[in-house]
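Student: One structure coming up, written as structure tokens, with questions to follow.
None of the figures in this text is laboratory data; all of them are computed from the coordinates on show. Everything quoted here is computed from the prediction, not taken from an experiment. Please note: Cβ atoms are built from the backbone with ideal geometry, for glycine as well, and neighbour counts cover all protein chains shown.
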């Protein structure tokens, strides 16, 4: 029997802003982000994800390899925060 059941409620949640959760745009511009091509193409998985139009436009303006740039930025974010639980 599972003793740790989540209790769902319509009551408002207590929330707080987490400072430095994401890097600022200035930090992203300065970041040393390297595009790392996978050794094995099987390690890449195609998914469907929704982004704001201006985000897509910005990354597309960087060139045809913009999905790899997005992947590199997400990987850098994970590496930076790997030891910090969100």
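Student: Using label points projected 7 Å from each Cα along Cα→Cβ, tell me how many nm separate residue 53 and residue 10, to one decimal.
Tutor: According to this spin-label approximation, the distance is 3.6 nm.
Student: Exposure proxy check: 77, 58 ranked by fewest other beta carbons within 10 Å?
Tutor: Arranged by neighbour count, lowest to highest, 77, 58 become 58, 77.
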